[in-house]
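The values are calculated or read from the model by the stated rules, or taken from the named source; none is laboratory data. For clarity, every value in this text was computed on a predicted model and none was experimentally measured. Here Cβ is always computed from backbone atoms with ideal geometry, including for glycine, and neighbour counts include all displayed protein chains. For the accessible areas, the whole protein counts, side chains as well, though only heavy atoms, and no ligand, DNA or RNA atoms are used. Shrake-Rupley method; radii C 1.70, N 1.55, O 1.52, S 1.80 Å.
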Amino acid sequence: MPADPASAEVTLVPVAAVAILAAKNTSIRREAAAKDAALTTARQAVDQMLMRVANERLSNMPLGHPLRESLLQDALSFYEGLLSQASSDDHTVRESMADVFKPLGVLQRELGRCDDACRSFERSMEILQPMVATDPAPPAIREKLVASQEALAYTWQIHPRDSDQSDTHYRRTLQMYRDLERDFPERRQPVVLCLRRLADAAFHQGNLPEAERMWREAIASGEA
């Protein structure tokens, strides 16, 4: 009995649909991979440019110099452009976005925009915290998280309007570093800045035993 052409067409429809969807998904994945690679490459390029400019042009240039501000503003605009392109929920892209927000905050701080800098550091932390909560084992992501926390603490320390919040942020940073050293004792953490800042604060508050204890801990950590 000859096959019914109509039945054959009905059978072919879902097969064709699956093939089209598979091809479309492959295309989407390729586009996303290309976009992620472009984001990473562009970020690495601007990081290298900033390092070179900082070493060659900015080291002896006063903070208020117009050329210094112009160079930093150009880099700032570049980072903001990268952030506008990074819309994927992919783990790698989210990590790259966090990596962009931290230097973005540093640039904003250099330009005297402390409120904007604080928001950038907080945004970096908001991206990284769920990643750490999902998988706290890899130390690299946790180290990026605490580095943003320390940058936030330092920004509050030099904030022209409100430096009182810095102690809270430094204590939080120090605890995060200590948690990392507890979990990964082979990886020494840069706790000296936090200890010195908290020791100075204790000294100015008249708490000399606490100041001495933290200064001694800072010395021991530095020697280690």
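Of the residues that sit in the stretch 177-190 and are modelled with pLDDT under 85 and open to solvent by 50 Å² or more (accessible area, probe 1.4 Å), which one is nearest to Trp215 (Cα to Cα)?
Here the residue is Pro190.
Inside the stretch 118-142, residues that are buried (at least 19 other Cβ atoms within 10 Å of the Cβ), farther than 20 Å from Gln189 by Cβ and not hydrophobic (A, V, I, L, M, F, W, C) make up a count of 2.
Put simply, of Leu145, Leu174, Leu193, Leu152 the only residue that is of a type in the set (A, V, I, L, M, F, W, C), open to solvent by 60 Å² or more (accessible area, probe 1.4 Å) and assigned to a helix (DSSP H, G or I) is Leu193. Against the conditions (1) outside any helix (DSSP H, G or I); (2) under 18 Å from Arg109 (Cβ atoms); (3) open to solvent by 30 Å² or more (accessible area, probe 1.4 Å), Gly206 satisfies every one except (2). If you check Gly105 against the conditions, is it over 30 Å from Leu208 (Cα atoms) and part of a loop (DSSP other than H, G, I, E, B)? Against the criterion (over 30 Å from Leu208 (Cα atoms) and part of a loop (DSSP other than H, G, I, E, B)), Gly105 does not qualify. Here the condition is being at pLDDT 90 or above and over 12 Å from the mean Cα position of the chain (by Cα); of Thr134, Thr155, it holds for Thr155 alone. Going by the structure shown, is Tyr154 within 27 Å of Asp74 (Cβ to Cβ) and touching a residue at least 12 places away in the same chain (Cβ under 8 Å)? In short, yes.
Checking every residue in the stretch 158-165 against the condition of being in contact (Cβ under 8 Å) with a residue 24 or more places away in the chain, of a type in the set (S, T, N, Q) and not in a helix (DSSP H, G or I) gives zero matches.
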